[in-house]
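Notes to accompany the following structure.
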Amino acid sequence: MLNLFCVFLGYRFLFQPGPAATGYGVPADPKGDAGAYLAIKGVRDGTFGLVGLALLAFAGATAEAWFLLVVALVPLADTLIVLRNGGTRATAFGIHFATAVVVLIGAALLFLV
């Protein structure tokens with residue numbers, strides 16, 4: 001499920017970059033200088049989702065667990081990015097930090113399988 005959510009986020013940043021950036025917590029103009037960065041974020045998130053799905057399908061739960069453990073660094077970094085760029089603490093912790101916690105819980109559960 002987390003992998004599909006990453007694919008959705010990637011799609012949203014590629015095809016609806018303005019609203020996606022606002023939801024991220026740091027609004028950006030997709031037609032301005034930020035456009036390339038929004039596309040990069042879309043490709044990054046979408047790729048994480050597809051790699052996670054491939055790991056589940058072809059390598060198994062333990063490989064996916066290690067992947068999630070490492071990928072949890074991304075929402076932790078996103079928390080700091082939002083805080084450093086004028087985003088609200090509610091968004092930083094309520095979306096990004098909470099996502100990191102969910103990803104870490106998912107990794108822990110997969111390690112138990």
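Side notes on the structure shown:
- For residue 10, net neighbour charge (Lys/Arg +1, Asp/Glu -1) across residues whose Cβ lies under 12 Å away: +2
- Placing dummy labels 7 Å off each Cα toward the beta-carbon, the span from residue 102 to residue 47 is 2.3 nm.
- Gain on full stretching of the segment that runs from residue 58 to residue 109 - 0.36 nm per residue minus C-alpha separation: 16.5 nm
- In region 1-69, Cα pairs under 8 Å separated by at least six residues give a relative contact order of 38 percent.
- When you count the other C-beta atoms within 10 angstrom of each residue and take the mean per peptide, 26-35, 103-112, 46-55 line up highest first as 46-55, 103-112, 26-35.
- Alpha carbon centroid spacing (whole Å) that separates region 58-113 from region 11-51: 18
- Rounded, prolate or oblate (a/c below 1.5 giving rounded, otherwise prolate when a/b exceeds b/c) for the chain by Cα gyration tensor: oblate
Bear in mind that the values in this text are calculations on the coordinates, not laboratory data. Values in this document were obtained by computation on a predicted structure and should not be read as measured data. Note that each Cβ is placed from the backbone with ideal geometry, even for glycine, and that neighbours are counted across all protein chains shown.
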